[in-house]
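Notes for the one structure printed next.
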Amino acid sequence: MDRNAEPLQPIFTAHLFPKLEGMLIELLRSLAPRDWEKQTLAPKWKVKDVAAHLLDTQLRKLSVCRDHRPLEGAKITSHADLVALINSLNEDGVKKYSQLSPGELISRMELASGESSEYHQSLDPFAPAMFPVSWAGEEKSANWFDTAREFTERWHHQQQIRIAVDKPGIMTREFYLPVLDCFLRGLPHAYRTVQGKRGSLAQFNVSGECGGGWYLFRDNDAWRLVSSAAGEKVSETTIPQEIAWRIFTKGIAREAAKALVHVAGDSQIGLHVLEMVSIVG
């Protein structure tokens, strides 16, 4: 192993929840009645559906992880089972909470957001999470990773609403860089079937003031993320920050993204990142 190929450090996001949630409540309160019916980047969901989803998942997380209430009928033996379960839960939750008036939805969201922020900040970041981050291929995850995953969910759905209603986004380095860092932790799992010579390095850049660089190093028979460039660079992929989050959340078609992404070196390795999805469902 290259001595410079050190692993990445944990991502700490719990302290960011109160501010991000406050921005969400402020956003929802600013919406005009017609805004709630505007279409979002999620094909099946309008603004009110996304808000209902955010409330549903927050309450479900608190119920299961904080209050230890098991999910009934949740028998999971494969990734396909997990995806089917999550999709079913999401569909039921959106149907339930989208029936609320905007005012009632916001009131419930404000209460749940406060409790959720307190919950995430109360966790030992290095203790085992109740659920692993499946899209990163983990069977066990630390709380810091599960919390960061939850943060990406709250961020990207709020961003969907902001785009739909033409409100300023939240693409600041404070919020967006941790989201990108979390999403890109899925690279080793996404590249598990991609061949590479031992000692090879694939570099991934997200351009813009909120972006950065991530390095995928081929060590023995697997790829792993490292903190700095090490080994022989075989590809370098640059993704504009405006579309990076949309690539990893199924918010842009592959061919549309490909036209905006630049790859130097091995394009087969460099473009495989467009296949990565850092959400479940």
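The values are calculated or read from the model by the stated rules, or taken from the named source; none is laboratory data. What you see is a predicted model, and the numbers here were worked out from it, not measured in a lab. Neighbour counts are summed over all protein chains in view; Cβ atoms, including those assigned to glycine, are modelled from backbone coordinates with ideal geometry. Accessible surface is based on the protein model in full, side chains and every heavy atom, while ligands, DNA and RNA are left aside. Shrake-Rupley method; radii C 1.70, N 1.55, O 1.52, S 1.80 Å.
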Item to check | Within the chain: Cβ-based charge dipole about Cα centre, in debye rounded to nearest 20 (Lys, Arg +1; Asp, Glu -1) | outcome: 420
Checklist outcome for this item: Filtered pair list for region 55-192 (Lys only, Cα < 30 Å, 8 or more apart or interchain) has a length of 10
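Express the relative contact order of region 173-279 as a whole percentage, based on alpha carbon pairs under 8 Å and six or more residues apart in sequence.
Reported relative contact order: 28 percent.
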Next on the checklist: Applying a 10 Å radius around every beta-carbon, put 46-53, 220-227 in order of their mean neighbour count, most first.
Outcome noted: 46-53, 220-227
Checklist entry - Roughly what angle does helix 173-183 make with the longest principal axis of the chain, taking Cα atoms, 0 to 90 degrees, to the nearest 10? => result 70
Checklist outcome for this item: Per the helix-only model, the chain has a calculated mean residue ellipticity at 222 nm (DSSP H runs of ≥4, -39500 (n - 2.57) each, divided over all residues, rounded to the nearest 500) of -13500 deg cm²/dmol
Checklist entry - Taking amide hydrogens as modeled 1.01 Å from N in the peptide plane, which residues meet the under 5 Å criterion relative to residue 207, leaving out close sequence neighbours? => result 239, 241
Checklist outcome for this item: Note to self: with every protein chain in place and a 1.4 Å probe, region 74-172 gives an accessible area per residue in Å² of 50
Checklist entry - Which residue, 217, 248, 126, has the most motion in a Gaussian network model of the chain that connects Cα atoms within less than 10 Å? => result 126
Checklist outcome for this item: Candidates 103, 186, 196; GNM for the chain (alpha-carbon contacts under 10 Å) flags as most fluctuating 103
Next on the checklist: Starting from the 7 Å offset along Cα-to-Cβ, what nm value, one decimal, do you get for the label separation of residue 124 and residue 44?
Outcome noted: 3.9
Item to check | the chain, accessible surface, carbon-and-sulfur percent (1.4 angstrom probe) | outcome: 51
Checklist entry - For the chain, what relative contact order do you get, as a whole percent, if you take Cα pairs closer than 8 Å and at least 6 residues apart? => result 21
Item to check | All-pairs alpha carbon distance profile, region 194-262, 5 Å steps from 0, percent | outcome: 4, 17, 23, 20, 18, 14, 4
Checklist entry - Between residue 62 and residue 166, 0.36 nm times their residue separation minus their Cα-Cα distance comes to what? => result 34.3 nm
Item to check | Hull shadow area, averaged, region 72-183 [alpha-carbon convex hull, nm²] | outcome: 8.6
Checklist entry - List the lysines whose alpha-carbon lies under 18 Å from that of residue 250, not counting same-chain residues fewer than 8 positions away? => result 44, 46, 258
Next on the checklist: I need the peptides 158-164, 31-37 ranked by packing, meaning the mean over residues of other C-beta atoms within 10 angstrom, with the highest value on top.
Outcome noted: 158-164, 31-37
Item to check | Cα long-axis angle, helix 102-122 against the chain (0 to 90 degrees, to the nearest 10) | outcome: 50
